[in-house]
Every structure is written in structure tokens, then in C-alpha cells.
Amino acid sequence: MINTSWVIGIDFGSDSVRTIIADANSGEEIATSLFYYPRWKAGLYCNPSANQFRQHPLDYLEGLENSIRDCLNKVSISVRENIKGIGIDTTGSSPVAVDKSGSPLALLPAFAENPNAMFVLWKDHTAVKEAAEINHHAKKFPVNYLQYVGGIYSSEWYWAKLLHVLRSDDAVRNACYTWVEHCDWIPFLLTGGSDANKIKRGVCSAGHKALWSEDFNGFPPDSFFSSLDPLLKGYAAGLSTKVYTADQPAGTLSPSWAAKLGLKENVFVAVGAFDAHMGAVGGQIEPYFLSKVMGTSTCDMLVAPADEVKGKLVKGICGQVDGSVIPGMVGMEAGQSAFGDAYAWFKNLLTWPMRMQSQKDPMPDLIDMLSKEAEKINVHENSELAIDWFNGRRTPDANQELRGAIMGINLASDAPEIFRAVAESTCFGAKAIVDRFIAEGIQIKGLIGLGGVAKKSSFIMQMMADITGMPIRIHKSEQTCALGAAMFAATAAGLYKNVEQAMASMGKGFEKTYFPEKKRKMIYESRYLLYKKMGASIENLTLQSE
């Protein structure tokens, strides 16, 4: 059966959606399609100065239909007739207010141009105040409801964003029936869902971002939220305590979507999950190897057998949830709020005058040019030093009010030297995550590099290996998130007994390993201490200014 079956993996990223059709036996990608969100590309509904980043559901709907149809147009009729499953991953936490039918409010005429009725993208930090209130409020309860999210609730997550929107917009508050993650909404949509009460919420989104835990018999009680703010009353009580792993089917393709796409109605649609979690599976994660999905930000995933980490709670990470990555294992998430974004910021800084003149980027290989020059620099203790919190700090110990910095600049500092400092800071940030896991009793055997930065920048990957003191294996697949979604699709469709089998058959293996070099070990150790000292100073100044 597997030899004549294909599956679709859909990866909703920050800027675009990518869809692949993969052979369910080998994982070979026989078609791929990329669709950029037109409204997002035009900068609509966002206000970077206020840390507001919203995405219109029409961008997702158009991207979903166009990318799938484009892929299907590239394959034979026999392939189209033997599509068995669809898997979906999205950014997260990227929730939206929906009505009782489960439709995002922005799809209604009255809310079509209202950013508060749209998906609140993962990197939206407008809810910093609400996150701080949640953290303070949680200390009043005998049960530690934050224990499985590292002890600190983030402004990037579900409840903080919901509370911020409810407080900010009376019209949205009055029309909102419930609040749904992007990764839970797409499977609901494809399976013809019309009742928000029947949305199958994934353990990935519920556990890592919305405080669901089996130990709490679901979400924290409604009294926890209503005593924080009466506006939250009823939202937790309205959520089902049952959540699902991504290897389970959310249902089958609805008649309307089957007709729209030209597929059969018996195509299984898997429960959704976040991109980094499925990307870790697509990148063939192994227990105790930190899988780093490196894009605009990083999301670092680690899995470990549940019986081996029982009782261990890692402070300051983005959650540890049984089954959020691989069913039967505890999935642990960490990350950096800005990674590729930091490099893109520096590139845009340098090219701004030329871009303003030509209205297009005149130097598409600028990062490569800077990397080659930066690699030649003989770094010393007093070289330019940066802190990587350009979009706040995600891990360890989330604090989105923190800001990045560059120290040691003088009139001799040139672009490659400052770029080298920025790149080094992102690697120091990666080391801080590794150190936190180890300090909390979780061993790290090595790193797995996934995503564009991992595959394109040997300079940054070698620096990361040198700074962390660990080898980094780079996965062959260009699309590990979409491939991971395809693996879950194959499992949900019954083609594999479990996702481990799908991963073994459909995985592409690794193309390169970067090993730590000892020549800069001492200087990096010295500069890492300066990085931590400088970071502590910034944190203290931030606290004093509040």
C-alpha cells in the first residue's frame, strides 16, 4: 500500500506557506510549491514599533488552496488519486478569535480590516503587560500552573495575547466565542468543521502555550483566569480537556475542500502542531539531541523518554509536554526570539540607502559576503561584542522587554566586524540554552541543525560548534518542517504504526557535521563570560526602568 501512496505536508511559516507532495515510502519530494502571503508582504496590519504583528486569515486560505493546487498540477493523475493524508504545521503561538462556527472574525465583513480580529503572530509582543500579570498572579495559587512552561509565561503565548485583545477591543470581545491556534484551525477547516466546540486541539499547542497538562486534568480552572481578569471568565471552561497528538487524524477532507482541490474525500487530515516540532521529526530528531530549527528565530526541540525525565522540571524553557513532538516521549522546547532576523536586520541597515533609491534589494548575497570577511577576523577579548535580544529573550527565562546591544564599537569598526559580533551573539544565545538544559539535569549529546541558516551558513554553524563545544549535524532536507508534516500525515492515514517508523522510512539523513575546533576555545570561553555579564547589566537596567 505504501509503495503506491503519497502524502501532502504543509508548512505555514512567518512569510509564506510551503506545500510538498512526498512519497510515503521514501520521503522523496515529487512536487513543492511556495506561496508568499500578499497582505503580509505589503506590511498590512502590522506596527513593528509597537511590536504588533498580525496576519489576515485570507493570506492563509489563499496560500493553502494555491500551494496545494500548484503541487497537484505538477504530478500525474495516479499520484493525485493516491494521496492518502495531509499534515499541517504552523508558527506558534499564533491564535485568533473565532465565532461559534469556528470562523476567524476577520473573515466577517464587520472585522475584515480589524487587526485584533486576525491571527496574532508568534512574534507579536503587544501582550508584555498581560504576561507579567499572569506570572505574578500564578504565585498566589498552591498549584504551580506554570511548572510545565519553564516557570515563566511569555507574551508570545495564547492566554497573554487573548487577554490583551479582549482588553483592547470591545467589538472583538463581544463577537469572540473562543480562541484558536492556527495549527488547530487549519485541520478543522479542511475537515469541514462548523462548530468551534468540536475543534480538535493538539497537545503541542495546548501544552506548550496554553497551560494544558494531564496533571491539571486539562487547563487550569476557570477561577485561575477569571480571578486574573473577569474578561477571561468562561474561556478555559469552554475548552475541552481532551487534546490530541499529531499522529492522530482530525478527520477526512470535507466534500467542499475535496472538490476545491481535486482530491478524494477519504484523504485523512492529521491533527496540527507547531512548525519546529514537526521540523524536528522531519529532521530525524533523536533522544537528547537538541534539534535547532534556525530561521527568523530559533526553536530548539529535545525529546527524551518519559520515564527517564519523570520529576525533572527545566526552568526557563518554553515547555515540556508529553507527546508534543513524538508520542510517548516528553518534548522540550526552547529558542531564541531573533536569529535570522538579526542578520536580516543588519543587512537591511547597510542597504537602506540603496533600497530606498532602487526599491529593491541590490545585494542579495550580502550576508555571504559579510560571512567570508568576518571569517578572516582574528577575534580577541576586546573585539566588538553583541547581545542577541533584538526581539526580546525567549530562552532561558523569557523576557520580551529586553533589547539587544552592541558593545566595543569604535571608529575602526567596520561592517564585517559588527556582523561577526551579531553572529557570535546568536551562537552565545544557543550556548545559554544548552547550558540551561545541562544545569537542570538534562543531558545534551549534540546538536541537529535545520532550516535555511543551518544549510547556507558554514561560518555560523562552525562558530556555533566552536562556542557550544558540540558537533552539529546538518540535515539533508531543505523542507524539514513540511517533511515532518508529511510524516505525520502518513501516520495519521494508517500507513505507519507510529511516527518513528515514518521517520525511519521517509527521513533523508544528514549531509554534513561541524565539529568543534579548539583553536578559539579559550577566547570564546572568555567572551562568553563577557556576554553573560553584559546581558546581566542590560537586564538590571531594564528592571530599573520599569
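The values are calculated or read from the model by the stated rules, or taken from the named source; none is laboratory data. Because the structure is a prediction, the values reported are computed rather than measured. Virtual Cβ from ideal backbone geometry, glycine too; neighbours counted across all protein chains shown. Accessible surface is based on the protein model in full, side chains and every heavy atom, while ligands, DNA and RNA are left aside. Shrake-Rupley method; radii C 1.70, N 1.55, O 1.52, S 1.80 Å.
Regarding residue 140, is this residue touching a helix residue (DSSP H, G or I) at 6+ places or on another chain (Cβ under 8 Å), modelled with pLDDT of 95 or more and basic (Lys, Arg)?
Considered against the rule, which asks whether it is touching a helix residue (DSSP H, G or I) at 6+ places or on another chain (Cβ under 8 Å), modelled with pLDDT of 95 or more and basic (Lys, Arg), residue 140 comes out as no.
Restricting to region 376-418, and then to whatever is farther than 24 Å from residue 439 by Cβ and in a strand (DSSP E or B), can you tell me which residue is least open to solvent (accessible area, probe 1.4 Å)?
405
Just need a number here: residues in region 81-91 that are touching a Leu at 6+ places or on another chain (Cβ under 9 Å) and either open to solvent by less than 10 Å² (accessible area, probe 1.4 Å) or aliphatic (A, V, I, L, M) (or both).
5
Being under 25 Å from residue 85 (Cα atoms) and among the charged types (D, E, K, R) is the filter; apply it to region 173-219 and report the residue that is surrounded by the fewest Cβ atoms within 10 Å (Cβ to Cβ).
195
Looking only at region 32-67, filter to residues that are of a type in the set (Ser, Thr, Tyr) and touching a residue at least 60 places away in the same chain (Cβ under 8 Å); which one of those is farthest from residue 107 (Cα to Cα)?
Among those that are of a type in the set (Ser, Thr, Tyr) and touching a residue at least 60 places away in the same chain (Cβ under 8 Å), it is 32.
Take the residues in region 459-479 that are open to solvent by 10 Å² or more (accessible area, probe 1.4 Å), in contact (Cβ under 8 Å) with a residue 60 or more places away in the chain and assigned to a helix (DSSP H, G or I); name whichever of them is nearest to residue 296 (Cα to Cα).
459
For region 47-80, which residues satisfy the criterion of being open to solvent by less than 40 Å² (accessible area, probe 1.4 Å) and charged (D, E, K, R)?
Listed by number, the residues that qualify are 54, 59.
Hey, can you tell me all the residues within region 112-121 that are in a loop (DSSP other than H, G, I, E, B) and within 23 Å of the chain's Cα centre (by Cα)?
Matches in region 112-121: 118, 121.
Every residue in region 422-458 that is of a type in the set (A, V, I, L, M), modelled with pLDDT of 95 or more and part of a strand (DSSP E or B), please.
447, 448
Looking only at residues that are charged (D, E, K, R) and open to solvent by 10 Å² or more (accessible area, probe 1.4 Å) in region 101-129, which one is modelled with the lowest pLDDT?
123
Go through 457, 477 for me and flag whichever is among the small types (Gly, Ala, Ser) and more than 22 Å from residue 333 (Cα to Cα).
457
Scan region 27-46 and give yes if some residue there is closer than 26 Å to residue 160 by Cα, open to solvent by 40 Å² or more (accessible area, probe 1.4 Å), modelled with pLDDT of 95 or more and among the aliphatic types (A, V, I, L, M), otherwise no.
Yes; the residues of region 27-46 include at least one that is closer than 26 Å to residue 160 by Cα, open to solvent by 40 Å² or more (accessible area, probe 1.4 Å), modelled with pLDDT of 95 or more and among the aliphatic types (A, V, I, L, M).
Which helices (runs of 4 or more DSSP H) does region 245-358 wholly contain that include 2 or more residues that are within 17 Å of the chain's Cα centre (by Cα) and either surrounded by 24 or more Cβ atoms within 10 Å (Cβ to Cβ) or on the phi > 0 side of the Ramachandran plot (or both)?
Counting at least 2 such residues, we get 275-282.
For (1) under 25 Å from residue 183 (Cβ atoms); (2) among the polar types (S, T, N, Q), each residue gets a yes or a no:
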| residue | (1), (2) |
| --- | --- |
| 455 | yes, no |
| 459 | no, no |
| 467 | no, no |
| 472 | no, no |
| 479 | yes, yes |
| 482 | yes, no |
| 485 | yes, no |
| 488 | yes, no |
| 491 | yes, yes |
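Tell me the strands (runs of 3 or more DSSP E) entirely within region 1-111 that contain at least 2 residues that are polar (S, T, N, Q).
16-23, 29-36
Tell me, yes or no, whether region 132-143 has at least one residue that is touching a His at 6+ places or on another chain (Cβ under 7 Å), open to solvent by 10 Å² or more (accessible area, probe 1.4 Å) and not in a helix (DSSP H, G or I).
No, every residue in region 132-143 fails to be touching a His at 6+ places or on another chain (Cβ under 7 Å), open to solvent by 10 Å² or more (accessible area, probe 1.4 Å) and not in a helix (DSSP H, G or I).
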